[in-house]
Amino acid sequence: MIEIDGRTIGADEMEVALACVAVQASLRGGTGERVAARFRDAEGSLAFILAARRAGATLLPIHPALPDDGARRLAARAGCHRIFLDGLEGESLDGVPPPVPGEGHLLQMSSGTTGEPKCIARPWRAVEREIESYVAAFTEPDGMTPVVACPITHSYGLICGLLVGLRRGRAPVVLDTANPKYLLRRLREIERPLLYTSPAMLHTLARLLPAGERIHAAMTSGTILPAPWFSLIRARVEHFFQQYGCSETGCIAVNPDLQQADAIGRPLPHHRVRAGASAEAPEEIVVEGEGGTVPTGDLGYWQPDGMLVFVARASDTINVSGLNVYPGEVEDAVMAMPGITDAVAFAKADPFAGERVMLLFSAEAPVPPRALQDWCRRWLAGHQVPVEAVQVGAIPRQANGKISRREAAERYRTGALGAEA
């Protein structure tokens, strides 16, 4: 049983819907055909995804907000042969390689925060293994009702929120809404809810909650919460979880009791994970599993208790005269300054030091750059202090709250900042 936007769909009704999709869309496994599906309603999208999974067909689920032409372009980039747009007729896509027979895959696009988005193909059997491992290792949500308030076209909402909930024997609640007040009302109506949503939405909910009220349980994923966000959310969530993963491997680690924002979790048992031995010697997090060795591009290290700690994206590390500066440390210090609402640090080329720290920030009122640098000198070493700080109207963040440093640096380089006086 699944509830979607207030409508409960029983097992029998869902079985009929899946059979209808499989027949009318001609979904078959083993053919190597790639199909894409973009449904604006969550019920239609879910039925198509579950039908493709059952049939063993290779599927690219597309976010419902993407317009028709954008969906066609994305499907073609992923090598899809057919696309379904809000219906089961399907249309052929030209200019893609012919199908190569083989097992079915779930196709997902990488985030694109560090480069051009790419299509990742994960066998459905790898998805099943992830679900089994996640349920076995992460038992704290047993008895909770998963509330999926994020896209089910993405692995986070689809696999860890919805499919894991079904595997636990719970009836997931899927909410296709961006209205935080409505979301809070629905959470109050659900017994022991476990909310799967974006860090940005969690931050909004924490700010809107009446004094003394708490969310029963919530999962965060996708980006490390800035220190002020984390403190606020941690105080408003009774059971606070965090998971860490990447497009190639799915969920890698889960933290069942989040007490520090960068403690990203203990690895799921089907993975072998390598990282640095200490905070003083972080190394790239590398995952070894059924699909081979996957370098994540993230720097991390192990705590003595086996907790994996995130330090920074390797590509985001700023090298100032041979000294590493991790942007998150700078951003946390800046955002602790009264009146500062957001910040992003990135590298700026420097003829003497190689690189220096550049900062964009937003605030409730104009902040003199000198005042901000004086604040930073109270908390940061000299090489960590931004050489330049520019106040802007808003920091470029993705819908899940993740910062695109590449986009921020490009806006700075081209002067497209919308800086405030």
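Which one of these is assigned to a helix (DSSP H, G or I), in the same structural domain as Ile190 (by TED's automatic domain parsing), modelled with pLDDT of 95 or more and among the acidic types (Asp, Glu): Glu140, Glu130?
Answer to the check: Glu130.
Can you tell me how many residues in segment 368-400 are farther than 12 Å from Val330 by Cα and touching a residue at least 40 places away in the same chain (Cβ under 8 Å)?
Matching residues across segment 368-400 total 8.
Exactly one condition in (1) outside the structural domain of Thr296 (by TED's automatic domain parsing); (2) of a type outside the set (A, V, I, L, M); (3) in contact with a Ser or Thr (Cβ under 7 Å, 6 or more places away or on another chain) is false for Pro98; which is it?
Condition not satisfied by Pro98: (3).
Rundown of residues vs (1) touching a helix residue (DSSP H, G or I) at 6+ places or on another chain (Cβ under 8 Å); (2) closer than 18 Å to Ser45 by Cβ, yes/no style:
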{"residue": "Gly157", "(1), (2)": "no, yes"}
{"residue": "Ile190", "(1), (2)": "no, no"}
{"residue": "Met201", "(1), (2)": "yes, no"}
{"residue": "Leu205", "(1), (2)": "yes, no"}
{"residue": "Ala211", "(1), (2)": "no, no"}
{"residue": "Arg214", "(1), (2)": "yes, no"}
{"residue": "Gly222", "(1), (2)": "yes, no"}
{"residue": "Pro226", "(1), (2)": "yes, no"}
{"residue": "Arg234", "(1), (2)": "no, no"}
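Could you grab the pairs with beta carbons closer than 7 Å, sequence gap of 6+ or different chains, first residue in segment 336-363 and at pLDDT below 90, second one part of a loop (DSSP other than H, G, I, E, B)?
Ala353/Ser321
Consider segment 180-218. How many of its residues are of a type in the set (Lys, Arg) and either without any contact (Cβ under 8 Å) to a residue 12 or more places away in the chain or surrounded by 21 or more Cβ atoms within 10 Å (Cβ to Cβ) (or both)? Can you show your working first?
Taking segment 180-218 as the starting set, the residues that turn out to be of a type in the set (Lys, Arg) are 181, 185-186, 188, 192, 207, 214.
Checking which are either without any contact (Cβ under 8 Å) to a residue 12 or more places away in the chain or surrounded by 21 or more Cβ atoms within 10 Å (Cβ to Cβ) (or both) leaves us with 185, 188.
Number of matching residues: 2.
In this structure, is Arg378 under 20 Å from the mean Cα position of the chain (by Cα) and over 22 Å from Lys402 (Cβ atoms)?
On the way: under 20 Å from the mean Cα position of the chain (by Cα): no; over 22 Å from Lys402 (Cβ atoms): yes.
The answer is no for Arg378.
Evaluate segment 71-88: report whether one residue or more is in contact (Cβ under 8 Å) with a residue 12 or more places away in the chain, surrounded by fewer than 17 Cβ atoms within 10 Å (Cβ to Cβ) and in a loop (DSSP other than H, G, I, E, B). Show your work before the answer.
Taking segment 71-88 and keeping what is in contact (Cβ under 8 Å) with a residue 12 or more places away in the chain, we get 71-72, 74-86, 88.
From what is left, the residues that are surrounded by fewer than 17 Cβ atoms within 10 Å (Cβ to Cβ) are 76-77, 86.
Filter once more, so that each one left must be in a loop (DSSP other than H, G, I, E, B): 86.
Taking every residue of segment 71-88 in turn, at least one turns out to be in contact (Cβ under 8 Å) with a residue 12 or more places away in the chain, surrounded by fewer than 17 Cβ atoms within 10 Å (Cβ to Cβ) and in a loop (DSSP other than H, G, I, E, B).
The values are calculated or read from the model by the stated rules, or taken from the named source; none is laboratory data. All values reported here derive from a predicted model rather than from experimental measurement. All Cβ positions, glycine included, derive from the backbone under ideal geometry; neighbour counts span all protein chains shown.
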